[in-house]
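Notes to accompany the following structure.
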Amino acid sequence: MNDTIALLKECNSGIRMGIQSLEDVIDRVSAKSMRNILHEAKQEHEKLGDETHSLLLEYHEDGKEPHPVAKMMSAVKTGTRLALEESDQTVANLITDGCDMGIKSLHRYLNQYSEADEKARKLTARLIDSEEKLRKEMQEFL
């Protein structure tokens, strides 16, 4: 049970970070098709976040906020890169980097919390799939 809760909390934290990152860039995108992809990704993350939160509530647990330093570093990186060159390509680069970091972290957590129950592991796999899909969709804008 401890592995299940830990895995769900890490997913919850990552989802929150992903949603914030998407919110930080959506309004700075000029291509309508890219903006639509980012909105869909945000909706998918919100749905997965709701599922994660529901599972945590079953264990009488709260979600986990992203680490404040990680949030700050992400905001600084986004702000700096967009200040240097505000373009869809820059946003695609930022989102791709975020997806890569998320995918690596989620795989690490699946290995670290190997005793997590099947529901938590499947939700984590769906989150990985969502990140991989978004990363692939960003390729045409790089």
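Derivation of every value follows stated rules applied to the coordinates shown; laboratory data play no part. The structure presented is a predicted model; accordingly, all values stated were derived computationally and were not measured. Glycine also receives a Cβ, built like all others from the backbone with ideal geometry; neighbour counts cover every protein chain displayed.
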Next on the checklist: On the basis of being more than 14 Å from L8 (Cβ to Cβ) and either more than 12 Å from the chain's Cα centre (by Cα) or in contact (Cβ under 8 Å) with a residue 12 or more places away in the chain (or both), does S54 make the cut?
Outcome noted: no
Next on the checklist: Just the residues that are hydroxyl-bearing (S, T, Y) and more than 15 Å from the chain's Cα centre (by Cα), please, taken from the range 92-122.
Outcome noted: Y113, S114
Item to check | Residue selected from the range 27-42 under the condition surrounded by fewer than 16 Cβ atoms within 10 Å (Cβ to Cβ) and without any contact (Cβ under 8 Å) to a residue 24 or more places away in the chain, by the criterion nearest to L142 (Cα to Cα) | outcome: S33
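Table: residues versus (1) on the phi > 0 side of the Ramachandran plot; (2) among the hydrophobic types (A, V, I, L, M, F, W, C); (3) over 13 Å from the mean Cα position of the chain (by Cα); (4) assigned to a loop (DSSP other than H, G, I, E, B).
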position: I37; (1), (2), (3), (4): no, yes, yes, no
position: T90; (1), (2), (3), (4): no, no, yes, no
position: T124; (1), (2), (3), (4): no, no, no, no
position: I128; (1), (2), (3), (4): no, yes, no, no
Checklist entry - If you go through the range 3-11 one residue at a time, do you hit one that is of a type in the set (K, R), within 28 Å of Q139 (Cα to Cα) and out of contact with any strand residue (DSSP E or B) (no Cβ under 7 Å at 6 or more places or on another chain)? => result no
